[in-house]
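Here is the structure we will look at, set down as structure tokens.
The values are calculated or read from the model by the stated rules, or taken from the named source; none is laboratory data. Keep in mind that what you see is a predicted model, and the values were worked out from it rather than measured. No Cβ is skipped: glycine too gets one built from the backbone with ideal geometry, and neighbour counts run over all protein chains shown. Surface areas here come from the heavy atoms of the whole protein model, side chains and all, with no ligands, DNA or RNA. Shrake-Rupley method; radii C 1.70, N 1.55, O 1.52, S 1.80 Å.
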Amino acid sequence: MIKVVIVDDQVILRESLKFIVEQDSDIKVAGLGSNGMEALLLCDTHKPDVVLMDIMMPECNGVEGTKLIKEKYSSIKVIILTTFNDEENISQALKNGADGYMLKDMNPDELILAVKSAAKGLNIMHPSAF
């Protein structure tokens with residue numbers, strides 16, 4: 001079973017992503033958060049395999065949240081899931097240890113594949129990301 005934490009400041013997106021990934025019987029969402037600091041606390045509590053992390057969030061954004069998680073839990077895979085397809089965000093996320101960078105315009109099957117691939121140790125990049 002792949003344990004996932006979903007972090008996005010928009011409740012409807014968190015719940016939608018949870019619904020989508022849990023359509024696969026190999027994936028269980030262990031927690032939902034609204035910023036990078038909550039993501040770290042959820043990692044402390046649940047020790048997930050994968051974190052799906054939005055990039056633009058209040059208090060602690062996804063880039064900083066990724067850094068906090070990777071400094072403490074190098075084995076947890078972090079996939080940035082965002083609408084921002086710019087070189088600065090991508091390079092900062094990867095520099096801070098993100099294992100993937102995906103855009104929210106993907107279909108549900110691609111999201112499930114990204115989670116499963118990251119859990120197996122593969123780095124994930126959206127085809128149209130810089």
Original post:
Does MET125 satisfy the condition of being of a type in the set (A, V, I, L, M, F, W, C) and surrounded by fewer than 20 Cβ atoms within 10 Å (Cβ to Cβ)?
Top reply: yes
Original post:
What about THR82, is it of a type outside the set (Phe, Trp, Tyr) and under 16 Å from ARG14 (Cα atoms)?
Top reply: yes
Original post:
Counting just the residues of the stretch 1-42 that are of a type in the set (Lys, Arg) and open to solvent by less than 60 Å² (accessible area, probe 1.4 Å), which one comes out farthest from GLU110 (Cα to Cα)?
Top reply: ARG14
Subject >> Cross-chain or 6+ apart pairs with Cβ under 7 Å, the stretch 19-43 first and among the hydroxyl-bearing types (Ser, Thr, Tyr), then assigned to a loop (DSSP other than H, G, I, E, B) and open to solvent by 30 Å² or more (accessible area, probe 1.4 Å) >> reply: SER34/ASP9
Original post:
What number of residues in the stretch 97-115 are among the acidic types (Asp, Glu), open to solvent by 60 Å² or more (accessible area, probe 1.4 Å) and under 14 Å from the mean Cα position of the chain (by Cα)?
Top reply: 1
**OP:** For the stretch 43-96, name all the residues that are within 18 Å of ILE2 (Cα to Cα), over 13 Å from the mean Cα position of the chain (by Cα) and open to solvent by 50 Å² or more (accessible area, probe 1.4 Å).
**Re:** THR45, HIS46, LYS47, SER74, SER75
**OP:** Please state which of the following conditions ALA93 fails to meet, knowing it meets all the rest: (1) modelled with pLDDT of 95 or more; (2) hydrophobic (A, V, I, L, M, F, W, C); (3) touching a helix residue (DSSP H, G or I) at 6+ places or on another chain (Cβ under 7 Å).
**Re:** (1)
Original post:
Out of the stretch 110-130, which residues are in a helix (DSSP H, G or I) and touching a residue at least 40 places away in the same chain (Cβ under 8 Å)?
Top reply: LEU111, ILE112, VAL115, LYS116, ALA118, ALA119
